[in-house]
1. Just for region A:338-351: of the residues that are hydrophobic (A, V, I, L, M, F, W, C) and closer than 24 Å to residue A:294 by Cα, which one is surrounded by the fewest Cβ atoms within 10 Å (Cβ to Cβ)?
2. Going by the structure shown, is residue A:335 surrounded by fewer than 21 Cβ atoms within 10 Å (Cβ to Cβ) and closer than 30 Å to residue A:179 by Cα?
3. Given the criterion under 20 Å from the mean Cα position of the chain (by Cα) and of a type outside the set (A, V, I, L, M), identify the matching residue among A:66, A:91.
4. Just need a number here: residues in region A:43-59 that are touching a Phe, Trp or Tyr at 6+ places or on another chain (Cβ under 9 Å) and charged (D, E, K, R).
5. Show me the helices (runs of 4 or more DSSP H) entirely contained within region A:340-422 in which 2 or more residues are hydroxyl-bearing (Ser, Thr, Tyr).
6. Could you list, in sequence order, all residues of region B:1-15 that are assigned to a loop (DSSP other than H, G, I, E, B) and within 13 Å of residue B:96 (Cα to Cα)?
7. Could you run through region B:65-102 and say how many residues are aromatic (Phe, Trp, Tyr) and at pLDDT below 95?
8. Scanning region A:72-100 for residues that are of a type in the set (Lys, Arg) and either in contact (Cβ under 8 Å) with a residue 40 or more places away in the chain or outside the structural domain of residue A:132 (by TED's automatic domain parsing) (or both), which turns out most open to solvent (accessible area, probe 1.4 Å)?
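The values are calculated or read from the model by the stated rules, or taken from the named source; none is laboratory data. If you're wondering where the values come from, they're calculated on a predicted model, not measured in any experiment. Virtual Cβ from ideal backbone geometry, glycine too; neighbours counted across all protein chains shown. Note: areas computed on protein heavy atoms with side chains; ligands, DNA, RNA excluded. Shrake-Rupley method; radii C 1.70, N 1.55, O 1.52, S 1.80 Å.
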Amino acid sequence: MSMGDREPQSDSWRASEHDTREGYQNWSGSLRFRPSRAVAPRSEEELAQIIGDASRQGRTVRPVGSMHSSTGIIATDDILVSLDHFRGVYSVDQKAHRAEVGAGTVLRDLGKRLSEIGLAMPNYGDVATQTIAGAIGTGTHGSGIDLYNLSMTLVGGSMVTGSGAIKTFSLESDPDLVRAMRVSFGTLGILTRIELQLEPDYQLHRQEWCTTFDAVFPRLCEFAAENRNFDLYWYPRSDEVKLRCLNPPGEGPDYSSFAWLAESRTGAPHEVIPKHSDLPDKFDEMEYAFAADAARDCLLAIRDRIRSRWRRTVCWRVLYRFVKADDTWLSEAHARETATISLHQNSSLPFRDYFADIEPIFQSHGGRPHWAKIHTMTGAQLGARYPMWRRFGQLRRELDPDGVLLTPYLRGLLAPQMEAAR
Amino acid sequence: MSVPGRQLWVIPGGCIPLASTGREPEFTSRDEVALLNPGETDASLEITIYYTTSEPVGPYALTIKARRMRQVRFNDLIFPEALPLGVEYAALIRSDVPIVVQFTRYDTGRTNRALMGAVAYSIV
C-alpha cells in the first residue's frame, strides 16, 4: 500500500531533510548522535524491506519523529527511519468517531485536518509539534483528572515488526497488544498507520489565573475537579502560581476573588490546549509521575528544596499536571490516578546538577519518569515500578527477537527485562 | 506636544539580591524596571544583559502598549535565559519608540529592608 504525501506538509523538523554527516541533535540540543544512514520509506512495504534487511545483517533501525525526546530512545548509531511520507488522514469513521492517520502526521496539522472533518483529539500536551506516533509512543499527556494521556487514542493500526513483518491490529481483536503498543517508544514495531479514537469537534475556553501558592495548594484537588483541563505552574522566584484552566465555553469557574485573569480565549482544542509550540528558546526537562496523593507531598518537598538551594540559578516554573489512570502496560499513569511534576531549565544554562539534586526526591515518592525526558533510572529500577514490565519484555521478544528496534540506550534499559522474560 | 522619553537606556549597576525575607511575592528581593510608553504607538523593547566575566545575553523581548506603563522584574526574565541572582550585570534597553525607564532595587534580605530607585541613564 502506498503512503505518499496526502496532506499539506507541516513546516516542522524533518529527519529526511537532514544531512547525516552533520550529526543529529534533539530539539533542545542536549542529545547528539550520528546515525549511519537516514531513510524515509514511501510505503509500508519499503519499510518492511529496510527492517528485514537490517535484521538479516545484524543492524538496527530506529524511527524518529520531531526529535522532542531528550533520552537515548532516539539516539541511534545505525539506521534512522523518518516517517515523513506517512502523513495525513487516510480514512474516517464518523459514526464511531475514529480516523486512520499516518504515523508521521504532526499533531498541529492533525488537529487542523480533524477539525475540518468535524473531529478532534480529546487532549493535547503543551506543544503540538510532535508526530502522532511519537506522542503516542512516549506517553505524551496533557492535564485533567478525567483525561487520559494521548496514547489512549490508539485503537488500531498497522506496524512493521522487528522481524520485518507487516502486522495490522485493533483494540477489539488484540487488546493486550494495543495495551502494550500504546507506550512502547518504537520497541515493538514501527507504526505506519494509526487508528485514533476521537471526539466530535468541540470548543474550549482557556483561562489562566495568577495568584499565590498558599492560596491554591490546599484546594488543588478541588480546582482539578471543577475544570476539564487543569494544570498549575509554580514560579520558584516569587512563590506565585498560574492556574491554566480549559472548559466548555460558559462553564469555567470564576477565580477572581483570589486571582487575576492573565489570559482568556476560546477556540478549537488544537488551537487553545497546546500553548508553547512555537517557543523561540530551548529548555530541558525532567518529569516524574506519581500517585496523586504522593504528588502533593512531593511538590511541597521539591518546593522547599528549590527555594533553599536553586533559586540563584533556576527561574523556570515547575509544572504540575493530572492524568487519568489507564491500563497501558508502560504508561506513567498505569493503574493509578496520576499527577506529574516537571522541572525545566534553559538549555543554555547548566541543568543536570539541578535535575540530579531533585530526582532522588521524585524517586522517593514513587515516581515514574517520562520516557522521553531526562532521567537516570535503570531498567531494573523501572521494572519495580511497572507491574507489566516482564510481560512487555516477553512481547518484545516475540515481535523483535533480534533487537533490531533497539538503540544502545534502549538495549541497556531493556536488556534486564529481556533476560527476566526468558 | 512632543512625547517625553528616549529610545536607548542603560542600567549599569544591576545585581538581583539573592536572599529574601517575608511573605512572597510582595517581599521578594528584586531588581525591577518601570517602563512608561507615553506615546501613541506600542513599544517593542529589546534588553541585552552584560556580565563581568561572560558574554552578553539577549535580546529579551518586551512590549509596552501605547499610553501604558509596565513593571518588569529582572528576576522573572527567562527567554533567552534566566538572570542569576546575586551576580552583577548591566542592562541595555532599546526601544523602537521613546519610553521612560526607572530602575528599582528592593532588598529584603535583612530585617531592615532596603529600597533604592533611580531613573535609568538615557543615551538617545
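1. A:341
2. Details: surrounded by fewer than 21 Cβ atoms within 10 Å (Cβ to Cβ): yes; closer than 30 Å to residue A:179 by Cα: yes.
Criteria met by residue A:335.
3. Only one candidate qualifies: A:66.
4. Number of matching residues: 1.
5. Values: elements: A:352-364, A:379-383, A:389-399, A:408-421.
Counting at least 2 such residues, we get A:352-364.
6. Once the filter is applied, which keeps residues that are assigned to a loop (DSSP other than H, G, I, E, B) and within 13 Å of residue B:96 (Cα to Cα), region B:1-15 yields only B:5.
7. Let us first name the residues in region B:65-102 that are aromatic (Phe, Trp, Tyr), namely B:74, B:79, B:89.
Now drop any that are not at pLDDT below 95, which leaves B:79.
Of the residues in that region, 1 qualify.
8. A:98
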